[in-house]
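Bear in mind these aren't lab numbers, they're just calculated from the coordinates by the rules spelled out. The structure displayed is predicted, hence computed values, not measured ones. Quick reminder, even Gly has a Cβ in these numbers, built from the backbone with ideal geometry, and neighbours come from all protein chains shown.
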Amino acid sequence: MIFAIEEINNSTELLPGIKLGYQIHDTCASVPVAVHVAFQLVNGQDPVFYQGRNCSQSGVVVAAVGDSASTPSISMSRIMGLFNIPLVSHFATCACLSDKQEYPTFFRTIPSDQFQADALAKLVKHFGWTWIGAIHSDSDYGNNGMASFLKAAKSEGICVEYIESFYRTDPQSKIRRVADVIRRSTATVVVAFVADGDMKFLLEELALDPPPPRQWVGSESWITDPNSMTFGFCAGAIGVAIQKSVIPGLRDFLLDLSPSNVAASSVLTEFWEEAFNCSLTTSELCSFHNIFHCYCPYTETSQLRITNMVYKAVYAVAHAIHDAVCQETKNKTKCDKHSNMEPKQLFAALKKVNFTQNGYHVSFDKNGDPVAFYELVNWQKSESGDIELVTVGYYDASLPKGQEFNINGKLTWLEGGTQVPVSVCSESCPPGTRKVLQKGKPICCYDCIPCPEGEISNMTDSPDCFPCPREFWPNAKTDACFHKPVEFLSFDEVLSIILAAFSVGGAVLTVITGVIFLHHRTTPIVRANNSELSFLLLFSLTLCFLCSLTFIGAPSEWSCMLRHTAFGITFVLCISCVLGKTIVVLMAFKATLPGSNTMKWFGPLQQRMTVVSFTFIQVIICIIWLVVSPPFPVKNLTTYKEKIILECALGSAVGFWAVLGYIGLLAVFCFVLAVLARKLPDNFNEAKMITFSMLIFCAVWITFIPAYVSSPGKFTVAVEIFAILASSFGLILCIFAPKCFIILFQPDKNNRKSLMNKH
């Protein structure tokens, strides 16, 4: 402070022709002493302060620089604010002092703890520490600083295992209790918002029984304290510090100290006697010592931090006085040496100061705070084993949000490690799981629960799982959705190949049967069994076998309409032919009765008309179905959760069951007629074969209905194909197989005599 004032008094640009006077008081970190000093300053000085006509009125104090601590500064500011006397602190960081309602005349050149708390919270969050311990001084500095930190930490999602406070004057038992909490805790990281004088007592207690490795995160008060850096178990500590600086000329000023200067000051006397272990009052040996021989922090000016805050505070006051009493002219600055400046004038000017001195910018915001800038420092062990303070980054509150915090240096951690230590209550939940809070514990303590069926989480520590879209399904890890596989009865499946083989085989068998009948069309067994209807029946059976192929493959609009209508029409054609053959059998035996002319009413023309009429009715039903609500392809998402069934929706269920019902009605009618004709005599009668075929047909389609309704997915189609093939094979084997057997293997029975032979 003395150096800065002498530098200003020797300046030709700042306050030219005006010299500043000063007094330095030691508040001894005591509130009562600080209050006493404050009253001294506002009450005026002793008249002996007069030293000539060139001095301003004695006793008028226009500003004060100090105090170093927040609590004394609070007391002093409350008193001096009543008289509009500005108090510019270099080290009082309590965020409470930014309240201009309470402390209207308070300014400071060191950032508020609000910024420091924000920087510490971001620092903790940056390294992924969500489970920490917190200790703080039981003072305005510690209490308010920790409150600001906890608020910032909560917004960053950081949980605190414990919060402990203490003060240097507390009983040793209380400090020991705080140390025991640190030793027993599960949190690896400890954030200490503690004044350097308090931290010394805690570290001494911990040194008696060092705790498990702990990662210390420190506030600017103790993180740069050389005395704290002597405790080796704190190596790797990281924290925020006031920017390191160099004040040109200060080292030479300090080294210019002589014994005569020392004797004139009680403060310097105490320093000199302690530095050289001598006494100025009892021994002349002290006078022979030279400050160049003092290996002490006094001569180390390359690591100045708080010192620069004092330098800036003095210059801030000087610039405010300059703005209040000096005027700029074209060629020079003119100052009023005899101005009776009031403190409130200086207070108003101090709000507006904005200057740069030796590269250090100084200005105050509306709360009297400077722009916040911190260095991020790390305690690293040197090759000699000593702990050194290394700058590894910075925090600049003037930068855009999200860019204030930057680390650009290599860090070392607890026990000299290079890996960032882990401090979490619960390990992160991987994708595919969600967090479930543990009852009665902070939000950082949770269990990881796998996502339920059909839901995923694709981020770490997801609070919830969310369902996949309808056509998607989770993968095995439940961390991503993929398209559900689309399933249908495709041609490349084993089941489809087997069914297609039977379908084609049945069609080929039918064609062979037709060829055999065609080749032997003149033989009695072919002619006797109504060859025209037989060939029409074989044709319809061929279509029945082949229509089952339309059920295989991916459904489309055309295939859905084709498969159901082709099936309905071909089967009606088939049953109509069988029905015609049955009626022919009945009519034939009716015609043998004396005086009967029944056959003339059911000749070839009537048979054709019967088949066409029955088939035409089915065609009409199918047309109405296709016009009103035809079958269409649809994605079935309900039968299976994990896959999509591509199938044909019926459109109108009434239409589908009408087609099936009509086929069933004809089949039952045909079966009844065949039963009635089964006992008619002669080998000419094929009613028994028709009866068996209709029995098989009806049995197949009766069992088809429950099987069709209950079969899932593509097996519904397979059941339908099976029913078509089974009923078709039943017809061809029951009606045509015996005849083919006689034609091929018993040709001797293929004559009129054998056919007309009665039982």
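For q = 0.06, 0.09 Å⁻¹, what log10 I(q)/I(0) does the chain give under the Debye formula with an equal point scatterer on each alpha carbon and no solvent? Log10 of I(q)/I(0), two decimals: -0.60, -0.91.
Looking at 565, 280, 189, which one has the Cα that reaches farthest to the positive end of the dipole of the chain (charges on Cβ: Lys, Arg +1; Asp, Glu -1)? After comparing all options, I get 565.
Quick check on my link table: of 151/312; 154/435; 312/337, which ones sit more than 28 Å apart, alpha carbon to alpha carbon?
Table pairs above 28 Å Cα-Cα are 151/312.
Among the trypsin sites (Lys or Arg not before Pro) found in segment 433-516, those both in a DSSP coil and sparsely packed, with 11 or fewer other Cβ atoms within 10 Å of their Cβ, are 439, 470. The chymotrypsin sites (Phe, Trp or Tyr not before Pro) of segment 209-295 that meet both conditions, a loop assignment by DSSP and at most 14 other Cβ atoms within 10 Å of the site Cβ, are 295. Cross-link reach is defined here as a Cα-Cα straight distance under 21 Å, omitting same-chain residues fewer than 8 places apart; for residue 100 the lysines meeting it are 344, 351, 352, 366.
Ranking 442, 459, 482 by how far each Cα lies toward the positive end of the dipole of segment 433-483 (charges on Cβ) leaves 442 at the top. Here the label points at residue 1 and residue 43, each 7 Å from Cα along the C-beta direction, are separated by 1.9 nm in the simple model. For the chain, the longest principal axis of the Cα atoms and the long axis of helix 604-628 meet at an angle of about 10 degrees. Measuring r between the beta carbons of residue 464 and residue 396 and using R0 = 51 Å, the FRET efficiency lands at 0.90.
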